[in-house]
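Colleague: My questions all concern the structure below.
The values are calculated or read from the model by the stated rules, or taken from the named source; none is laboratory data. The model shown is predicted, which means the values in this text are computed figures rather than measured ones. Neighbour counts are summed over all protein chains in view; Cβ atoms, including those assigned to glycine, are modelled from backbone coordinates with ideal geometry.
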Amino acid sequence: MSKKLINQNDIVKTELNNSLDIEYIFSNKPINRFKTKPVLENKSSLLSKVKQKIMDIENCELKKNANKLVFSDGDCQSKIMIVGEGPGQKEDELGKPFVGDAGGLLNKMLEAINIKRENVYITNVVNYRPPNNRKPEPSEINRYSEFLKEHISIIDPKILILMGSTAMEALFGTKIKISKERGVWKDVIINNKTYLVMVTFHPAYLLRQADQKKYSWADLKEIKKKIDELKLKI
Ligand code: URA
């Protein structure tokens, strides 16, 4: 082989090597393969649509007996969303969630961790008062959970607080017990998005069972810790 030819071969090799010399960056982070929906509509128009769907509901015992639709209260831009069970008498009169005795306690619970009620977003699993304040039936919880999931997707909270077994059942089913599940962080996936959830006792239950308030206080402290950890502005 002539010297000239060797040199040419070397040049080709070097060029080939250079062209293959790509720096790959390896990362252990999972790739998000879910397409995110472009934000085409603002929150309030999306919220009005879910509200309309609830207003249009047919053959519903709850709606038939209720005075008002109780949709939500608070700041729809909040990073914290609270879900209760369903409206009571006062809520049914005023069309606002958590305005009776349980609401009074909820306000105090939030104040205890330096949160003002108006800075969170509050809703319920069912949006019409169950007759005689009965617990919503599993079929009702199931039916309304579709609206609730849509509602959660729109609000897109960083922390979702489920108060009481009805709220827990709406997202996790009936096979679990609140006494075992409260106080620990959980994940729930709604429309391909994972939400951080804390299940805790319902304020109405705490009004009946004052001895359980110590657990509720422990849960509130956990919530406060997470807010600080995530540096959420509430
Ligand atoms: N209990 C609830 O679960 N929601 C309310 O709005 C009021 C009382």
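Colleague: Search region 209-234 for residues that are closer than 17 Å to Arg117 by Cα and pair each with any residue that is modelled with pLDDT under 95 and not basic (Lys, Arg) when their beta-carbon atoms are under 9 Å apart and the residues are at least 6 apart or on different chains.
Modeller: Pairs found: Ile227/Ile234.
Colleague: Oh, and also: Could you go through region 148-155 and let me know if any residue there is at pLDDT 95 or above, out of contact with any helix residue (DSSP H, G or I) (no Cβ under 9 Å at 6 or more places or on another chain) and basic (Lys, Arg).
Modeller: no
Colleague: What is the number of the single condition among (1) under 19 Å from Lys43 (Cβ atoms); (2) out of contact with any strand residue (DSSP E or B) (no Cβ under 9 Å at 6 or more places or on another chain); (3) surrounded by fewer than 22 Cβ atoms within 10 Å (Cβ to Cβ) that Thr174 does not meet?
Modeller: The single condition Thr174 does not satisfy is (1).
Colleague: Are there any pairs with C-beta distances below 7 angstrom linking a residue in region 165-184 that is over 18 Å from Tyr195 (Cα atoms) to a residue that is at pLDDT below 95 and of a type in the set (Phe, Trp, Tyr), with the two at least 6 apart or on different chains, and if so which?
Modeller: Between residues of region 165-184 that are over 18 Å from Tyr195 (Cα atoms) and residues that are at pLDDT below 95 and of a type in the set (Phe, Trp, Tyr), there is no close pair.
Colleague: Considering only region 87-117, state which residues are in contact with a helix residue (DSSP H, G or I) (Cβ under 7 Å, 6 or more places away or on another chain), within 12 Å of the ligand (Cβ to nearest atom) and not in a helix (DSSP H, G or I).
Modeller: Gly88, Pro97, Phe98, Val99, Gly100
Colleague: Further question: Return the only residue of Ser78, Ser44, Ser19 being within 22 Å of the chain's Cα centre (by Cα) and either at pLDDT below 55 or not in a loop (DSSP other than H, G, I, E, B) (or both).
Modeller: Ser44 is the lone residue from the list that is within 22 Å of the chain's Cα centre (by Cα) and either at pLDDT below 55 or not in a loop (DSSP other than H, G, I, E, B) (or both).
Colleague: Still on this structure, please answer the following. Within region 125-134, is even one residue in a helix (DSSP H, G or I) and in contact with a Cys (Cβ under 7 Å, 6 or more places away or on another chain)?
Modeller: No, region 125-134 contains no residue that is in a helix (DSSP H, G or I) and in contact with a Cys (Cβ under 7 Å, 6 or more places away or on another chain).
Colleague: If we scan region 163-172, do we find a residue that is among the small types (Gly, Ala, Ser), in a loop (DSSP other than H, G, I, E, B) and under 15 Å from the mean Cα position of the chain (by Cα)?
Modeller: Scanning region 163-172, I find at least one residue that is among the small types (Gly, Ala, Ser), in a loop (DSSP other than H, G, I, E, B) and under 15 Å from the mean Cα position of the chain (by Cα), so the answer is yes.
Colleague: How many residues does region 214-229 hold that are surrounded by fewer than 17 Cβ atoms within 10 Å (Cβ to Cβ) and within 21 Å of Gly100 (Cα to Cα)?
Modeller: Of the residues in region 214-229, 1 are surrounded by fewer than 17 Cβ atoms within 10 Å (Cβ to Cβ) and within 21 Å of Gly100 (Cα to Cα).
Colleague: More than 12 Å from the ligand (Cβ to nearest atom), out of contact with any Leu (no Cβ under 6 Å at 6 or more places or on another chain) and free of Cβ contacts under 8 Å to residues at least 40 places away in the same chain: does that describe Ser153?
Modeller: The answer is no for Ser153.
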